[in-house]
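The block underneath contains the structure these notes are about, expressed in structure tokens.
The values are calculated or read from the model by the stated rules, or taken from the named source; none is laboratory data. Values in this document were obtained by computation on a predicted structure and should not be read as measured data. Note that we place each Cβ from the backbone using ideal geometry, even for glycine, and neighbour counts take in every protein chain shown.
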């Protein structure tokens, strides 16, 4: 909402400059977004001039040389190109030093050799209208009553006193609950309440029209639920002409282009009252009747801009005897518009159901000053405010005769609420004291009707605030925003019994993320949005739940963003691909984020039962039909650490590099995870370089190198010509499950004495058939080791002639420990024997 | 005899002083103090001397021997130290070469880093952290937050729909209701999380992050909101920051406010030292950072009283405040990130700068 300050000050004129007004409005709830200057600068350089003589220019047919009395001693010589300039006229003159609306500074100049000490002005040069047919003749305008000034204005009079040639314009952010502030008078009322400066009477108090029946036109409203009020008046003997400068100037400053007096009056009345109007040429209204109805689904209407629009039954059309003339509240039709020859005008002012207008204007892509007001829901009472203002101006500016009576379907709205305001409640909500006298003063300034009752107030709500104020809390807000907010002390709540601590699972999640960052990985954030095309590129088969159960949006921004991700991998691949295309070579990235499956089967919902506070998220799935789960995913590409002057060949990302990250993560969380050959290889992974990740025997994700066809889809494949074996490595885990397991294992906190009696370490090398996995060997060792065996792991492998074809040697490190003594070789001999037997059973032979 | 001792001592002292490496000292020890050397032999021969001389010669020879021993010892230390110094000097390296092997260093995403920082501030103020679902029902996202059935935010232009009554949450506020359903007052919670709105340009991404706050107790005032958010503003933007509350409108708070923080770029003056308008706050002196207010009493009516939250939330018995802050916006202000889309491009050169 753009409000010319000059206009605002007509209704409320506090002794404040524009910055002061900005501050008061902003701090009381009507935020000033920007301050513009409209019109000219250096206003003292604009004066009224009297044309003394006009002579032809010696060297230019179109130019005249004028002697103009500008109130200085000597007349000014001014060259002018307008055909209508004549001796005896009062004209608007810009003197050298004047700043024109486009910022150009006027200088004394020579035009075709003749000096010109200024410029005689046309309307458009002052940004107060479109007229450039000729200069403005002030005495003619004054005689027509268009200036409100004496026809014989003294030369040298400041032009600003005669014409609105400059004003500051404040641009307001009006919140959706305050459509009454979409009118200058509504803003003036706010300024009045915010500053205490007097408020002029409502401009619609003086209504030249009458109520009661009107003959000459008929209106029927077939959908009163969408049209609470419809009013109309008839004007005859209308002369359509350009608007006077003051009106054109105000509209221009408010951001509306002047068109003609009738259309300008509708815009002016809208800008003043907040209520849009529409002027019909009554002679072009077929049957002189209007009918308001819901549109049919698929019904088409030709709008003013020549476009055919397809409507639905939530939209409203206004039609005459020949069919639809406009889409109510959104756009008029061409057929019955006011034009130059119009003499009879039907002035329509109606109230529309806000959501219907919102729907229509968005669905049709037609946003206008009118629709943006209607969609917020205007009070039916405002219809008659606009009718009154329009009637005044139609009579005054168009020479129109107003027929008696007003068509009024619907009438005023329901009686607004009366609300009790308790002073004690005001204090208890705000935390600052406001006197009951001050409360009363504020509410009355805002047009509330207030009756005192002890310490409390009985408050009647003005109709224009009906939708916004219905409860005591709303009145407290009215008081607070005018007086209270700026005085609030800064206190802290008592916080009885409240203490802030992360839940164990929240702490574990931070630790998981920190562990990955600590291993040199960068955290990324990918898009929740994805598409089935990504599922294609990941080679997900039909029937794969990550494809079949993807949640689709009804209203996506684009096809590429039409589904919710079921995996974090696509986002990591996008990030990797983008970075590589921008010149990066090595990448170690991860993401922690939510994935979504329709009608959930992500396994059991996470417990989250550990926190001090939690909400039952297992119930959410039943409510939304969508199961959400936090995942963590990692992508490694290229070298695992930077090249250095001593490390020309750092290790490269491959399956075991990823597994190292997995183990670091699990170790940080103190949870054990296993990699097992995949039950069914993931379609996007290298089939013989991938594994299922399990935790406590339950699958929680996958790990592996990318399938070369998938790597190729993201331009990540075969770098260095190393083929399929060199694809990037990745993993993705159900983080909720991992954290729950970590929390359940709870391996932190209870002290164990590992110091008093050191462990006994024994290494063995055992030759095994190649088909025996390391995990099988370890499982055999663990199974046989008994309670003294504290740890067993592989620390080296060897295959070659010494162990023979089809076999390999595993070097195992075994640790034995007893809680109450230092172990000797004799102590562990039985365990060692059992371990060797167990290894023998799977084909193992002790070496060396 | 005595003269001979002095003479030997003098010789030995000169030889020790002249030794230039530790190996020579061993030769000197043998020469002057070894079994066959003159001084030890004199000592052994003391018994053969006349009794009157024994004490004097024996004493003198002993003194001389000890003096030479300690002199040898000292000299050995000195020479060995010098020799070690010389060896170490030969080990010289270029200390300005890079560390090796160089350790890869990762980074938290700036959004995660900012969210953690916000969580930590409010943990310190006594709040507990809750998370909630990103796919929500219309009931929790709009109805229970006092949005009228025709509120424009419900439109498909403003909200992503998954089903007729299921949406991607447009704010973290639905968790206000879920938190109150699950717990009795007093309640002090913050809710970080990802939210969605169908907008896409330099200052809007269709996904972004918020941190919601909710405190409900017997007597929580708007002044308490101001105190809480002042603490937040000073923790995030600097101790000398001030905040102001401007009236605004949200369906689920009443009174509603927008909260501005005094601009940290121009210290709230709106202008830089050279008189130019502050590019961050555009001369206003204030930066809008979040929306907040006292919980609208209607909101409590959407929270049924159950075993879990008894005695429940009666607006005549409890009152509280709520806020919602945009994490991207806070990070954007703090770090001068010009375009929100950068957060989701994951360019390593961007990620490298934070966390």
message: Give me the residue from region B:229-256 that is surrounded by fewer than 23 Cβ atoms within 10 Å (Cβ to Cβ) and within 7 Å of another protein chain (Cβ to nearest Cβ) and, out of that set, farthest from residue B:285 (Cα to Cα).
response: B:249
query: Hey, residue A:495 hits all of (1) part of a loop (DSSP other than H, G, I, E, B); (2) under 23 Å from residue B:320 (Cα atoms); (3) in contact with a helix residue (DSSP H, G or I) (Cβ under 8 Å, 6 or more places away or on another chain) but one; which does it fall short on?
result: (3)
- line: Those residues of region A:69-83 which are without any contact (Cβ under 8 Å) to a residue 60 or more places away in the chain and surrounded by 12 or more Cβ atoms within 10 Å (Cβ to Cβ) amount to A:75, A:76, A:77, A:78, A:79, A:80, A:81, A:82
query: When region B:313-355 is examined, which residues are found to be within 11 Å of chain A (Cβ to nearest Cβ), at pLDDT 95 or above and closer than 30 Å to residue A:476 by Cα?
result: B:319, B:320, B:321
Pairs with Cβ under 6 Å, 6+ apart, first in region A:149-175 and closer than 17 Å to residue A:129 by Cα, second at pLDDT below 85: A:162/A:147; A:162/A:149; A:165/A:126
message: Quick test for you: out of A:653, A:658, pick the one residue that is more than 12 Å from every other protein chain (Cβ to nearest Cβ), buried (at least 18 other Cβ atoms within 10 Å of the Cβ) and in contact (Cβ under 8 Å) with a residue 40 or more places away in the chain.
response: A:658
- prompt: In region A:496-507, is there at least one residue being closer than 30 Å to residue B:243 by Cβ and crowded, with 23+ Cβ neighbours inside 10 Å?
  reply: no
- prompt: Has region A:55-68 got any residue that is within 52 Å of the chain's Cα centre (by Cα) and in a strand (DSSP E or B)?
  reply: no
- prompt: Which of (1) more than 8 Å from chain B (Cβ to nearest Cβ); (2) surrounded by fewer than 22 Cβ atoms within 10 Å (Cβ to Cβ); (3) touching a strand residue (DSSP E or B) at 6+ places or on another chain (Cβ under 8 Å); (4) not in a helix (DSSP H, G or I) is the odd one out, the single condition residue A:591 does not satisfy?
  reply: (2)
Among the residues listed as A:64, A:19, the single one being farther than 24 Å from residue A:248 by Cα, within 14 Å of another protein chain (Cβ to nearest Cβ), out of contact with any helix residue (DSSP H, G or I) (no Cβ under 7 Å at 6 or more places or on another chain) and free of Cβ contacts under 8 Å to residues at least 40 places away in the same chain: A:19
- prompt: How do the pairs read when you match residues in region A:224-240 that are at positive phi with residues anywhere that are surrounded by fewer than 24 Cβ atoms within 10 Å (Cβ to Cβ) and in a loop (DSSP other than H, G, I, E, B), using Cβ under 7 Å and keeping only pairs 6 or more apart or on different chains?
  reply: A:237/A:343; A:237/A:399
statement: For strands (runs of 3 or more DSSP E) lying entirely in region A:758-848, having 2 or more residues that are under 20 Å from residue A:674 (Cβ atoms) picks out A:789-798, A:807-816
field: Filtered residue count, region B:126-169, keeping only those that are touching a helix residue (DSSP H, G or I) at 6+ places or on another chain (Cβ under 8 Å), touching a residue at least 12 places away in the same chain (Cβ under 8 Å), within 7 Å of chain A (Cβ to nearest Cβ) and more than 25 Å from residue A:597 (Cβ to Cβ)
entry: 2
- request: Could you tell me which of the residues A:484, A:543, A:500 is more than 7 Å from chain B (Cβ to nearest Cβ) and either at negative phi or in contact (Cβ under 8 Å) with a residue 24 or more places away in the chain (or both)?
  value: A:484
message: Just the residues that are outside any strand (DSSP E or B) and either within 10 Å of chain A (Cβ to nearest Cβ) or at positive phi (or both), please, taken from region B:198-215.
response: B:198, B:199, B:200, B:205, B:206
task: Inspect all residues belonging to region A:535-555 and state whether any of them is within 30 Å of residue A:650 (Cα to Cα), at pLDDT 95 or above and buried (at least 19 other Cβ atoms within 10 Å of the Cβ).
output: yes
message: Considering only residues that are facing chain A (nearest Cβ under 8 Å) and either touching a strand residue (DSSP E or B) at 6+ places or on another chain (Cβ under 8 Å) or crowded, with 23+ Cβ neighbours inside 10 Å (or both), which ones fall in region B:107-124?
response: B:107, B:108, B:109, B:111, B:112, B:119, B:122, B:123
- request: Could you please find all residues in region A:380-394 being touching a strand residue (DSSP E or B) at 6+ places or on another chain (Cβ under 6 Å), closer than 13 Å to residue A:228 by Cβ and assigned to a helix (DSSP H, G or I)?
  value: A:383
- prompt: Looking at region A:637-647, which of the residues that are within 22 Å of residue A:730 (Cα to Cα) and within 11 Å of chain B (Cβ to nearest Cβ) is surrounded by the most Cβ atoms within 10 Å (Cβ to Cβ)?
  reply: A:640
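So that you can scan it fast, the table gives a plain yes or no per residue for (1) under 29 Å from residue A:596 (Cβ atoms); (2) out of contact with any strand residue (DSSP E or B) (no Cβ under 7 Å at 6 or more places or on another chain):
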| site | (1), (2) |
| --- | --- |
| A:627 | yes, no |
| A:634 | yes, no |
| A:637 | yes, no |
| A:641 | no, yes |
| A:644 | no, yes |
| A:651 | no, yes |
| A:654 | no, no |
| A:659 | yes, no |
| A:668 | yes, yes |
query: Only one residue in A:481, A:420, A:440 is buried (at least 19 other Cβ atoms within 10 Å of the Cβ) and more than 30 Å from residue A:266 (Cβ to Cβ), so which one is that?
result: A:481
- request: For residue B:292, work out the one condition from (1) part of a loop (DSSP other than H, G, I, E, B); (2) more than 10 Å from chain A (Cβ to nearest Cβ) it doesn't fulfil.
  value: (1)
field: Residue satisfying condition, being at pLDDT 90 or above, under 24 Å from residue A:662 (Cβ atoms) and in a loop (DSSP other than H, G, I, E, B), within set A:576, A:630, A:584
entry: A:584
message: Among the residues in region A:185-207, are any farther than 30 Å from residue A:25 by Cβ and either in contact with a helix residue (DSSP H, G or I) (Cβ under 6 Å, 6 or more places away or on another chain) or at pLDDT 95 or above (or both)?
response: no
field: Candidates B:23, B:99, B:10 - the one that is surrounded by fewer than 17 Cβ atoms within 10 Å (Cβ to Cβ) and part of a loop (DSSP other than H, G, I, E, B)
entry: B:99
task: Considering (1) closer than 23 Å to residue A:752 by Cβ; (2) exposed (fewer than 14 other Cβ atoms within 10 Å of the Cβ), say which one residue A:827 fails and leave the rest.
output: (2)
- request: Only residues that are loosely packed, with under 15 Cβ neighbours inside 10 Å and touching a residue at least 24 places away in the same chain (Cβ under 8 Å): list them for region A:710-723, please.
  value: A:715
